[in-house]
Amino acid sequence: MTQDRISSITRTQSLTATNSLAFAALIIALAFSLSSCSGDRSGQVQAGGPTISVGVTKVVKKSLGRHITLSSELVPFQEIDVYAKESGYVKKLLVDYGTHVKAGQVMAILEIPELEAQLQEDQAEIKNAANQVTRAHHELERYEAQYTALHLQYTRLNSVFQSQPGIVAQQEVDDAQGKDLAASSQVDAGQAALEAAQSQLSVAKAKLAHDQSLFDYSRITAPFTGVVTQRYANLGTLVQAGTNSSTQAIPIVKLSQDDLFRLVIPVPEAYVRDIRVGDPVDVQVPSLNRTFPGKVARFSVDVQSDTRTMHTEVDVPNPHDLLLPGLYADANLQLDEKQNIPSLPVQALIHEGEKITVFVVNSDGVLEERTVQVGIQTSSDAEIVSGINEGEEVVVSDLSGLKSGEKVRAQTVAVPEYHEGNSQ
């Protein structure tokens with residue numbers, strides 16, 4: 001019994017030793033396996049090259065331009081209330097809301113009885129003054145005839161008296177001379193009377209012309225081509241003269257020029273230097289779904305201190321009468337534009353104060369940090385003046401953490417383009 005127990009214990013110790021050796025061998029094999037795997041992985045990293053991938057795009061030539069879009073309201077180029085020059089009753093009203101008129105076209109006729117009577121009186125005065133001129137002219141002719149006869153008589157008597165003394169008495173010569181001088185004075189008086197009559201006729205004619213010009217204002221005409229947008233008077237309405245500030249004169253109609261419109265826009269201070277008279281402007285009217293050509297016609301040349309904007313006016317022709325006063329429109333002003341210039345996406349630019357750099361991937365796949373000078377910039381692209389050349393690849397992906405001299409794997413990416421514009 002004791003011998004069997006000893007044998008059993010011996011077998012158990014033998015199995016335990018065997019299991020310990022097997023476990024130790026397993027640990028050694030596992031460590032060797034891990035060591036081998038680690039060595040193989042390290043070799044693969046060294047053989048595979050760089051693990052940093054960057055998105056790049058090439059420097060290409062394209063056309064760049066900046067523009068600004070500002071919204072405003074279309075207003076007529078000129079708009080006025082048409083008043084009467086003289087007070088009177090509306091005798092005829094030839095226009096109404098929406099009537100298109102030409103410059104000089106009669107829109108209304110006033111009845112002014114006082115001026116009509118005044119014109120008849122002026123014509124009578126002219127006729128009377130003309131008769132006075134005729135009478136004075138005849139008197140002058142008679143005086144001149146008498147003077148001619150008496151002056152001839154005096155000349156003859158005086159000649160005989162001088163050449164043959166004693167034949168003609170001195171008294172006769174003196175009498176003839178007195179009559180000659182009296183006739184000369186009558187001629188002068190007749191000439192003065194004629195001139196006075198002629199002056200009176202001129203005054204009468206001038207008065208008629210003045211009253212006639214006032215009476216002509218009874219015909220209310222359009223000062224420019226346009227459309228009637230308001231009517232204030234009706235037939236029989238008594239309208240007061242618009243020149244008399246002591247009365248509350250009402251206009252007859254409101255006239256708006258419709259062949260040309262103004263678009264008054266406030267240009268921000270940052271863009272003032274780029275605005276020039278004559279610059280083309282695309283005027284888009286959303287309610288009409290149309291775009292009309294316009295141009296910068298005038299601006300105030302100063303920046304308002306409260307808004308930091310400059311009053312700018314764009315003229316918009318309306319040859320087909322499509323535009324209407326009060327419509328909102330968007331003015332697209334081209335600020336500057338360059339054709340076929342080297343450019344790259346603005347995502348590639350790194351700003352450090354006034355210094356601008358980019359990362360360039362050279363032919364060996366190594367990063368180079370270059371300092372560049374940029375020109376015109378839009379919301380998506382920038383002109384490259386110096387620093388890199390056309391065709392070189394620049395990094396446009398995440399630039400954080402990149403360092404010059406690193407070896408990278410370049411992958412060409414498409415950069416979306418944005419349309420430049422600022423809406424105010």
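Odds and ends about this structure:
- Mean projected area in nm² (Cα convex hull; one quarter of hull surface) for segment 256-313: 5.0
- Heavy atoms of F292 accessible to a 1.4 Å probe, total area in Å² rounded to 10: 20
- Seen from S213, the other residues with C-beta closer than 13 Å to its C-beta sum to a net charge of 0, counting Lys and Arg as +1 and Asp and Glu as -1.
- Backbone amide hydrogens, once placed in the peptide plane, bring G88 within less than 5 Å of V239, excluding anything fewer than 5 places away on its chain.
- Bridgeable lysines around K338 (alpha carbons under 18 Å apart, same-chain partners fewer than 8 residues away excluded): K61, K62.
- Per the Cα gyration tensor, segment 121-215 maps to an equivalent ellipsoid with semi-axes of 46, 8, 7 Å, ordered largest to smallest.
- Links that overshoot a 28 Å alpha carbon limit, given the list K58/K403; K91/K207; K85/K207; K102/K127; K102/K295: K102/K127
- Within the same chain, aspartates and glutamates fewer than 8 places from K179 are excluded, and of the rest, those with a Cα less than 18 Å from its Cα are E139, E141, E144, D188.
- For Y83, distant residues with modelled amide H under 5 Å away: I252
- Look at where the Cα atoms of segment 280-299 and of segment 140-156 average out, and the two centres are 84 Å apart.
- For segment 332-414, GluC sites (Glu not before Pro) are listed when DSSP marks them as loop and at most 13 other Cβ atoms sit within 10 Å of their Cβ; the list is E354, E390.
- Reach of K92 by Cα under 17 Å, taken over lysines that are not fewer than 8 positions away in the same chain: K254
- Heavy atoms of the protein chains alone define the surface here; on that basis segment 62-163 has 59 Å² accessible area per residue at 1.4 Å probe size.
- Theoretical FRET efficiency, 1/(1+(r/R0)^6), r = Cβ-Cβ of A192 and A145, R0 22 Å, to 0.05: 0.80
- Phi angles across segment 319-335 convert, under the Karplus curve 6.51 cos²θ - 1.76 cosθ + 1.60 with θ = phi - 60°, into 3J(HN,Hα) values of x, 10, 6, 8, 7, 10, x, x, 5, 7, 9, 10, 9, 9, 9, 7, 7 Hz, Gly and Pro given as x.
- Once C-alpha pairs closer than 8 Å and six or more residues apart are averaged by separation and normalised to the residue number of segment 135-191, the relative contact order reads 54 percent.
- Extension gain from T291 to A241, taking 0.36 nm per residue of separation minus the Cα-Cα distance: 13.7 nm
- Whole-number accessible area per residue in Å² for segment 237-378, which is evaluated in the context of all protein chains at 1.4 Å: 53
- Accessible surface of segment 114-204, 1.4 Å probe, proportion on carbon and sulfur as whole %: 51
- Most to least accessible of S159, S363 (protein chains only, probe 1.4 Å): S363, S159
- A dipole drawn for segment 111-165 from +1 and -1 charges on Cβ atoms has a positive end, and of Y154, L119, Q164 the residue lying farthest that way is Q164.
- Proximal charge balance of Q240 [Cβ under 15 Å; K/R count +1, D/E count -1]: -3
- When the Cα convex hull of segment 47-173 is projected onto planes of every orientation, the mean area is 31.1 nm².
- From phi via Karplus (6.51, -1.76, 1.60), per-residue ³J(HN,Hα) for segment 207-212 in Hz, x at Gly/Pro: 5, 5, 4, 4, 5, 5
- On segment 50-106, 48 percent of the accessible area sits on carbon and sulfur atoms, based on a 1.4 Å probe.
The values are calculated or read from the model by the stated rules, or taken from the named source; none is laboratory data. Computed from a predicted structure; not experimentally measured. Please note: Cβ atoms are built from the backbone with ideal geometry, for glycine as well, and neighbour counts cover all protein chains shown. These area figures cover heavy atoms from the full protein model, side chains too; ligands, DNA and RNA do not enter into them. Shrake-Rupley method; radii C 1.70, N 1.55, O 1.52, S 1.80 Å.
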